[in-house]
Amino acid sequence: MSNIEENASEIARVAAERLSESGGKRVLIAIAGAPGSGKSTLAERIVQRLKADHGVNAALFPMDGYHYDDVVLEQMGRRPFKGAIDTFDAHGFRRMLERLKANEDDVVAVPVFDRSIEIARAGGSLIPQSTDIIVCEGNYLLSRQAPWGRLKPIFDFTVFVDVSEDNLRKRLQDRWRSFGLDPTEINRKVEENDLPNGLAIISGSAEPDRRIDNN
């Protein structure tokens, strides 16, 4: 069993425990980390393990759906820095987390970020009221910076995925290479935006309930 699978299985177990302790109330789990840390893969595996091993209705809720649109970023002069902490709708994301936690609606439509077109699609996924556990993943879930610092108390269990700077650089380069970008553009995106963001996420996040080494 791989490191990711082992961790996914363990976090799914903890999440199921939190659900049993909640008296039937919905549970939210946070998986935070730098871009390229492997948090998205881990979060997906946790949802799979919750369904397969624990028979729990679980759903994935990525933070990336709350990217500002490219048009807005152009107006802000922040288009080249997409992915930085100020290029997300922090308040809208927090309100959605609170709405999901309250679980008062029969179904909630959440936006989903489409990396192939670099645009968030509104209503890209539906989370029904029958969903017991939501696994949320994103860069800034544990950020101490206002207003992001108001997110952590919403979650029932928090995880941060650690990865070294060298591994982060390589994974980010591989990610952009898979989209067919030329080496100059890859280097610009990684060194001027993604890697500095990643290092800021690592240094600026609050202590989680659990740390995972994904090197």
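The values are calculated or read from the model by the stated rules, or taken from the named source; none is laboratory data. Keep in mind that what you see is a predicted model, and the values were worked out from it rather than measured. All Cβ positions, even for glycine, are placed from backbone atoms using ideal geometry, and neighbour counts span all protein chains on display.
Name the single residue, out of those in the stretch 176-193 being of a type in the set (Val, Ile, Thr) and in contact with a Phe, Trp or Tyr (Cβ under 8 Å, 6 or more places away or on another chain), that is nearest to residue 166 (Cα to Cα). Write out each step before concluding.
Step one: list which residues in the stretch 176-193 are of a type in the set (Val, Ile, Thr), which gives 184, 186, 190.
In the following step, the residues that additionally are in contact with a Phe, Trp or Tyr (Cβ under 8 Å, 6 or more places away or on another chain) were identified as 186, 190.
On the way: 186: 15, 190: 12 Å.
Filtering first and then ranking leaves 190.
The one condition from (1) farther than 20 Å from residue 95 by Cα; (2) modelled with pLDDT of 95 or more; (3) surrounded by 15 or more Cβ atoms within 10 Å (Cβ to Cβ) that residue 171 does not meet is (2). Screening residue 15 with (1) part of a helix (DSSP H, G or I); (2) at pLDDT below 95; (3) buried (at least 17 other Cβ atoms within 10 Å of the Cβ); (4) over 10 Å from the mean Cα position of the chain (by Cα) gives one miss only, at (2).
The set of residues in the stretch 174-200 that are touching a Pro at 6+ places or on another chain (Cβ under 8 Å) and either within 21 Å of residue 30 (Cβ to Cβ) or buried (at least 19 other Cβ atoms within 10 Å of the Cβ) (or both) comprises 194, 197, 198.
Contact map, the stretch 95-106: first residue of a type in the set (Lys, Arg), second residue surrounded by 12 or more Cβ atoms within 10 Å (Cβ to Cβ), Cβ cut-off under 7 Å, separation 6 or more or different chains; pairs are 99/108; 101/26; 101/28; 101/154.
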